[in-house]
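The values are calculated or read from the model by the stated rules, or taken from the named source; none is laboratory data. None of these values were measured; they are calculated from a predicted model. Here Cβ is always computed from backbone atoms with ideal geometry, including for glycine, and neighbour counts include all displayed protein chains. Please note that ligands, DNA and RNA were not included when accessible areas were found on the heavy atoms of the full protein model with its side chains. Shrake-Rupley method; radii C 1.70, N 1.55, O 1.52, S 1.80 Å.
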Amino acid sequence: MDANKRQRYEKISTELTKLVGGRDNIQGVSHCATRLRIVLKDNDLADLKAMEDVDLVKGVFVAGDQVQVIFGAGLVNDVYEVFADQNNMKNMSLSDLKTVANKKMNPLQRIIKALSDVFVDIMPGILAAALLTGLSGVLGNLELVKNNETLLGINRLINISSGAIFGFLPLAVAYSACKRFGGRPILGIVIGCIMLSNSLADAYAAAQGTVEVTTLHILGLGVQLVGFQGGIIVALLMGFVTAKLDLFFEKKVPEVIRLLVSPLLTTLVGALLLFTVIGPAGRGLSSGITNALVWMTRNLGVFGYAVFSGLQQLVVITGLHHIFGAIEAQLLADTGRNFLNPLMSVAIIA
């Protein structure tokens, strides 16, 4: 960062600090892709109207009991560095900030915010996959690419890369959810690997009846050995459960054997719950959400679409719109199409 930019950002930071009620009123600060997020002891001390007139600020609002100052992608990173330096809060992570903010939320707000946080954390991977998919589609239709062995090979690698990211999305969700709810992220990855294990029948093939599914009998329960490809809701639930199991066993297992026994028990109990309770329940919940959305759009006509489009931007204002990622991913997995995306685009344009 050159001297002129830093001087400009220091002036912005000084003004913002004053307008939020001074340094003593700041509990924490972090940033997301576009916004500087500040948790205050007393939001009433902040002059939100005046903050909108600060240099480079594109908007100010309160969401999740955080004062969120919009700067835009890239710029917010530099402003945050200076602002955090000035207020001695540079080492605070986004999850730390959310922990502080969560204390001011009601239980429902905490649940919804936590779910949205899961997808914020893995959004770069989802965006990369989406853009790679689009790039592959465009290149695949060009005659220059079709007739050039090297370009065709590169495009094939791009296609494989995008497909791999989406194919392992449940693993990424389980990892992010486990991390968000306080567990060790590696255990979320382990559970995600179990969900997508090659020892299980592919979920899509099983649904089409093109693969034989083995059924185990445990305590009178029939447990089908089917993978959880596309199981975004199940991955969310398992990430949460794995985190809580990890925290539980870390407290209960004696320290002398904790290193070996705690992760063993977390993984074992988590796997059993995955196949006997959470997997079936999560699949039922996923089907219910998908069927409800499909029913609404098929039976309520334009009103079904209008209900979603009309409310979508209001949800964005709250910062909770990232939870739509789970629903969109589940729609793609279940129906092969995502009609929510064009509805959101229409809402944004409107």
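Brief remarks follow.
- The residues of the stretch 14-49 that are open to solvent by 40 Å² or more (accessible area, probe 1.4 Å), of a type in the set (Lys, Arg) and not in a loop (DSSP other than H, G, I, E, B), listed by number, are Lys18, Arg23, Lys49.
- Of all residues in the stretch 1-46, those that are without any contact (Cβ under 8 Å) to a residue 60 or more places away in the chain and among the hydroxyl-bearing types (Ser, Thr, Tyr) total 1.
- Taking each residue of the stretch 176-195 that is on the phi > 0 side of the Ramachandran plot and looking for partners that are open to solvent by less than 40 Å² (accessible area, probe 1.4 Å) and in a helix (DSSP H, G or I) with beta-carbon atoms closer than 6 Å, six or more apart or interchain, yields Gly182/Ala243.
- Conditions (1) of a type in the set (Val, Ile, Thr); (2) at pLDDT 90 or above; (3) closer than 12 Å to Ile70 by Cα; number of the one not met by Thr34: (2)
- Sub-6 Å Cβ pairs linking a first residue in the stretch 121-134 that is of a type in the set (D, E, K, R) to a second residue that is in a helix (DSSP H, G or I), at least 6 apart or interchain, are Asp121/Ser176, ordered by first then second residue.
- Considering Ala235, Ala206, the condition of being part of a helix (DSSP H, G or I), at pLDDT below 95 and more than 27 Å from the chain's Cα centre (by Cα) is satisfied by Ala206 alone.
- Sole exception among (1) of a type outside the set (D, E, K, R); (2) over 22 Å from Ala207 (Cα atoms); (3) crowded, with 23+ Cβ neighbours inside 10 Å for Leu236, by number: (2)
- Residues of the stretch 175-203 that turn out to be open to solvent by less than 20 Å² (accessible area, probe 1.4 Å) and under 16 Å from Met123 (Cβ atoms), as a count: 2
- Number of residues in the stretch 50-76 that are open to solvent by less than 20 Å² (accessible area, probe 1.4 Å), assigned to a strand (DSSP E or B), in contact (Cβ under 8 Å) with a residue 40 or more places away in the chain and not polar (S, T, N, Q) equals 3.
- Yes/no for Gly270 being in a helix (DSSP H, G or I) and within 23 Å of Thr215 (Cα to Cα): yes
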